[in-house]
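The values are calculated or read from the model by the stated rules, or taken from the named source; none is laboratory data. Quantities reported herein were computed from a predicted structural model and do not represent experimental measurements. Glycine also receives a Cβ, built like all others from the backbone with ideal geometry; neighbour counts cover every protein chain displayed.
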Amino acid sequence: MSVGTAEAPFSYDGPDRLRGPVAAALQRVVDPELALSIVDMGLVRAVTVTAERLHVVLTMTSAACPVTDLILEDAAAELERIAPPELGVDLELAWEPPWTAERMSARAKAFMGW
């Protein structure tokens, strides 16, 4: 199933039992420049869970984002905490299509005064 919802506005393809824990783990990762979660910022594009891998596709607000490495490290750490031991965690950066403010949650837009 590949559905974005209010609590997980990114596509998710995997077992239902991991949907909530994955969404919660990603919600805990904060963009340090804005003090908003990467989910609220719309940086999470897709999650795919197979028998071997927990694969997450992320984007950044720009290719010059100075905190990309920190966000990737934090996301990996949060996901490794909730992933079953048999799953490897795999993060991928995607630049197309480019990030836009439309990807932000209503909460993030309100925080930014938009």
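Which ones in region 87-114 are under 14 Å from the mean Cα position of the chain (by Cα) and part of a helix (DSSP H, G or I)?
Arg103, the sole residue that qualifies.
With the requirement that a residue be acidic (Asp, Glu), closer than 19 Å to Gly113 by Cα and not in a loop (DSSP other than H, G, I, E, B), what does region 19-69 give you?
Correct list: Asp31 only.
What number of residues within region 1-17 are hydrophobic (A, V, I, L, M, F, W, C) and modelled with pLDDT of 80 or more? Step through it out loud before you land on a result.
Applying the first criterion (hydrophobic (A, V, I, L, M, F, W, C)) to region 1-17 yields 1, 3, 6, 8, 10.
Going one step further and asking which of them are modelled with pLDDT of 80 or more, we end up with 10.
Residues that pass the stated criteria total 1.
Is it the case that region 97-106 has a residue that's loosely packed, with under 13 Cβ neighbours inside 10 Å and of a type in the set (Asp, Glu)?
yes
So for region 73-86 (the condition being small (Gly, Ala, Ser), farther than 17 Å from Pro9 by Cβ and loosely packed, with under 12 Cβ neighbours inside 10 Å), does at least one residue qualify?
Residues of region 73-86 small (Gly, Ala, Ser): 75-77, 83.
Now restrict to residues that are farther than 17 Å from Pro9 by Cβ: 76-77, 83.
Those still in the list that are loosely packed, with under 12 Cβ neighbours inside 10 Å too: none.
Checking region 73-86: not a single residue is small (Gly, Ala, Ser), farther than 17 Å from Pro9 by Cβ and loosely packed, with under 12 Cβ neighbours inside 10 Å.
Contact list please: Cβ distance under 8 Å, first residue in region 30-57 and within 13 Å of Arg107 (Cβ to Cβ), second residue assigned to a loop (DSSP other than H, G, I, E, B) and charged (D, E, K, R), pairs at least six apart or on different chains.
Ser37/Arg28
In region 74-86, which residue that is assigned to a helix (DSSP H, G or I) and over 12 Å from the mean Cα position of the chain (by Cα) is farthest from Arg17 (Cα to Cα)?
Checked region 74-86; the qualifying residue farthest from Arg17 (Cα to Cα) is Ala77.
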